[in-house]
Amino acid sequence: MPRLVVILGDQLSPALASLEAIATDDVILMAEVMAEASYTKHHSHKLVLIFSAMRHFADTLQQLGHQVLYLKFAEYPSVLSMTDAVAYALTKHPELSSILLTECGEYRLEQEIARWQEQFNLPLEQLSDDRFLCSRQQFANWAKDRQQFRMEYFYREMRRYSRLLMNDKNQPEGGKWNYDKANRKACPPDLAQIPPLQFEPDAITRDVMVLVEQHFTDNMGDATTFRLAVTGKQARQAFLHFVEQQLAQFGDYQDAMLLDQPFLFHSICSMYLNIGLLDVRWMCLKVEQAYKDGKVPLNAAEGFIRQLIGWREFVRGLYWLLMPEYKTRNTLAAQRPLPAFYWTAKTQMRCMQQAIQSTIDYAYSHHIHRLMVTGNFALLTALNPDEVTDWYLAVYADAFEWVELPNTLGMALFADDAVLASKPYAASGKYIQRMSNYCQHCPYDVKKIYGEGACPFNALYWGFLDRNSEQLGGNARLQLAYQQWHKKPEQEQQAIRQHADLILNSLEKL
Ligand code: DLZ
Ligand code: SF4
C-alpha cells in the first residue's frame with residue numbers, strides 16, 4: 001500500500017530513517033510553508049539556507065527515482081502549514097493509505113503532526129531519528145535514576161558507546177576524558193586567519209534569495225549576501241576545509257574572540273549538521289582520523305567531538321525529556337524586555353556590537369559570543385526568557401528549538417532550575433577583556449566598575465549577584481564571587497548598586 005512520506009526542512013539526509021524505509025510506489029512530500037517560515041522571525045539567511053537546501057535535496061531524490069511532490073513557497077494558496085500540505089498531497093494522491101515520517105525536531109510541530117492520524121483518518125507511523133547517536137528513549141533511560149543531569153557523565157558514556165578517541169583498553173585517548181582547560185586561550189590578533197569556505201549561489205539559490213527578499217522584508221539580514229553551502233556535497237567540502245585548515249587551532253582558541261573576526265577557528269558547520277546535510281558520525285570520524293594522523297592535537301579533536309556527541313546529544317535528550325514544561329521555567333523571575341540593539345547592533349558596547357553584527361551579517365556567531373556576550377548580558381540584565389529564547393531561535397541559522405532552548409534557557413540564562421548548568425555563567429567585563437581584544441576598541445572602560453564611562457558588565461555583574469543573593473548565595477561554585485562582593489566596603493557596594501540600577505533603567509542608551 002503506497003504511503004505519503006513527509007520530509008521536513010531539517011531532515012535533508014539521504015540516510016534519514018523514513019528514506020531508508022521507502023518503497024517504490026510511496027510519494028515523498030516536501031513543502032515550503034508559511035507556518036514553518038514564520039513561527040519565529042527567522043534570519044533571512046536561515047530561510048534561504050533551508051528553502052534552497054530543500055529544493056536541492058528534492059532534485060536529488062527525484063534523480064534517484066523517487067516520486068516527489070514539492071510545494072514551493074506561495075505557489076499553493078491553500079497551503080500555509082505542514083498540515084495543509086499533507087491535506088493537499090492526499091487530495092492529489094487519493095491512492096495513499098498511510099503517512100510515514102521521521103520524528104521531527106520541535107515539540108510545537110510534533111503536536112501538530114500528532115493530530116494527523118485523526119484529521120486524515122489514516123495510520124501515521126513515526127520513526128526514531130537515528131541521525132542522533134542517542135535516541136530519545138535511550139536518553140530517558142540514562143536520565144531515569146539520576147537526581148542531576150551532568151553533561152560530563154553522559155559524554156563519557158557516549159565516548160564508550162561510540163568508541164571515538166578510546167584506546168584498546170576502552171580508556172580515553174591520552175588518559176583524560178576532557179581537555180577543556182587547554183581550550184581557553186586568548187588569540188593573538190596577528191595569528192593568520194583562514195576563513196570558512198563560501199559558495200557562489202547557483203540558479204536555485206538565487207531564485208530563493210529573491211523569494212526571501214520579496215516575502216520576508218522585515219527579517220534580520222540581507223538575503224543577497226548569502227554564501228552558505230546548500231547541498232551535502234558542499235557541506236562536506238566546507239567541513240573538510242575546516243578539518244584541514246582550522247581544526248588544529250580550534251582547540252586552543254575555541255573560547256577566544258577577536259575584533260572583526262567572527263569565525264576564528266570555528267567550523268561554521270552546525271547549520272549544515274542541524275538540517276541533515278552533514279552526518280555526525282562522519283564528522284567525528286574525520287576529526288578522529290586527523291588526530292590519529294598527527295595533523296591536529298588531542299585537545300582540538302576531543303573538544304570538537306565533545307561538542308557533537310556530548311553537548312549536542314545531551315541538550316536534545318533534555319529537551320525531549322522535559323518539554324513542554326521546560327519552556328515555561330523562569331528561575332530568576334526575569335522580566336525586562338529585549339533592548340532594540342539585539343536586532344540592530346546599534347550599541348556602543350563593542351563586545352555586544354561585534355556579537356550582534358556577525359549575527360546580522362552571517363546568521364552566525366560562535367558559542368562564546370552567544371554564551372558570554374549576548375547571553376551573559378541578558379542574564380545580568382534579567383531579560384525576559386521568552387523574548388531572549390525567541391531571539392536566539394530566530395537569528396541563528398543553526399537554531400531549532402531542541403538545541404536552542406536548553407542552550408539559552410538553561411545555559412545562558414540559568415532559568416531552568418539548574419537542570420543544565422550548576423551555576424550561572426555570569427561574568428564581568430574582566431572575562432571579555434581576557435578572552436578578546438574588544439575592550440581596547442570600546443568607549444567604556446573595562447577597569448572601572450561604576451561612574452562615568454564604566455564598563456556596564458562590571459556593575460551589572462555585581463548587581464546580579466547582589467540582587468539574587470537569596471537564590472544563589474548558597475551555590476558552592478559562587479562562593480568565591482560572593483566572598484569578593486562581601487569584602488567590598490558598604491559604600492562601594494552602594495555605588496555599584498546605584499550604577500547597576502542606572503544601567504538597568506536605561507538599557508537602550510548603552
Ligand atoms: C525552519 C523551517 C523553515 C523556515 N521552513 C520550513 C518549511 O517551509 N518546510 C519545512 O518542512 N520545514 C521548514 N523548516 C523546518 C521545520 O520548522 C522543522 O522541521 C521544525 O522546526 C522541527 O525541527
Ligand atoms: Fe564589552 Fe565592557 Fe569590554 Fe566594552 S569594556 S567591550 S562593554 S566588556
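The values are calculated or read from the model by the stated rules, or taken from the named source; none is laboratory data. Just so it is clear, the model here is predicted, and its values are computed rather than measured. Using ideal geometry, Cβ is built from the backbone for each residue, glycine included, and neighbour counts are taken over all protein chains shown. Note: areas computed on protein heavy atoms with side chains; ligands, DNA, RNA excluded. Shrake-Rupley method; radii C 1.70, N 1.55, O 1.52, S 1.80 Å.
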Inset, instruction - Could you tell me which of the residues 500, 427 is over 30 Å from residue 8 (Cβ atoms), within 25 Å of the chain's Cα centre (by Cα) and not assigned by TED's automatic domain parsing to the domain that holds residue 255? - result: 427
Inset, instruction - Return a yes/no flag: does the range 441-451 have any residue that is within 16 Å of ligand 2 (Cβ to nearest atom), in contact with a Ser or Thr (Cβ under 6 Å, 6 or more places away or on another chain) and open to solvent by less than 30 Å² (accessible area, probe 1.4 Å). - result: no
Legend entry - Sole exception among (1) within 27 Å of residue 259 (Cα to Cα); (2) open to solvent by 60 Å² or more (accessible area, probe 1.4 Å) for residue 487, by number: (1)
Inset, instruction - Sort through 482, 461, 425 and tell me the only one that's in contact (Cβ under 8 Å) with a residue 24 or more places away in the chain, farther than 21 Å from residue 260 by Cα, surrounded by fewer than 20 Cβ atoms within 10 Å (Cβ to Cβ) and away from ligand 1 (no atom under 16 Å from the Cβ). - result: 425
Legend entry - Test set (1) surrounded by 18 or more Cβ atoms within 10 Å (Cβ to Cβ); (2) closer than 30 Å to residue 81 by Cβ; (3) within 24 Å of the chain's Cα centre (by Cα) - residue 137 fails condition number: (1)
Inset, instruction - Give the residues of the range 334-361 that are of a type in the set (Gly, Ala, Ser) and either within 23 Å of residue 444 (Cα to Cα) or free of Cβ contacts under 8 Å to residues at least 12 places away in the same chain (or both), sorted by residue number. - result: 340, 345, 355, 358
Legend entry - Count - residues of the range 369-421 that are in contact with a strand residue (DSSP E or B) (Cβ under 6 Å, 6 or more places away or on another chain) and part of a helix (DSSP H, G or I): 0
Inset, instruction - Having 2 or more residues that are β-branched (Val, Ile, Thr) is the bar; report the helices (runs of 4 or more DSSP H) wholly within the range 150-246 that clear it. - result: 203-215
Inset, instruction - Being away from ligand 2 (no atom under 16 Å from the Cβ), within 22 Å of residue 45 (Cβ to Cβ) and not polar (S, T, N, Q) is the filter; apply it to the range 324-359 and report the residue that is most open to solvent (accessible area, probe 1.4 Å). - result: 343
Inset, instruction - Considering only residues that are closer than 24 Å to residue 345 by Cα and open to solvent by 60 Å² or more (accessible area, probe 1.4 Å), look in the range 163-197 and name the one that is nearest to the chain's Cα centre (by Cα). - result: 195
Legend entry - Members of the range 19-38 that are open to solvent by 10 Å² or more (accessible area, probe 1.4 Å) and either more than 7 Å from ligand 1 (Cβ to nearest atom) or within 14 Å of residue 276 (Cβ to Cβ) (or both): 19, 20, 21, 22, 23, 24, 25, 34, 35, 38
Inset, instruction - Six or more apart or on different chains, Cβ under 6 Å: which pairs go from a residue in the range 103-131 that's surrounded by fewer than 18 Cβ atoms within 10 Å (Cβ to Cβ) to one that's of a type in the set (Ser, Thr, Tyr) and in a strand (DSSP E or B)? Could you list them? - result: 122/98; 123/98; 127/102
Inset, instruction - For residue 487, indicate whether it is at pLDDT below 95 and away from ligand 2 (no atom under 11 Å from the Cβ). - result: no
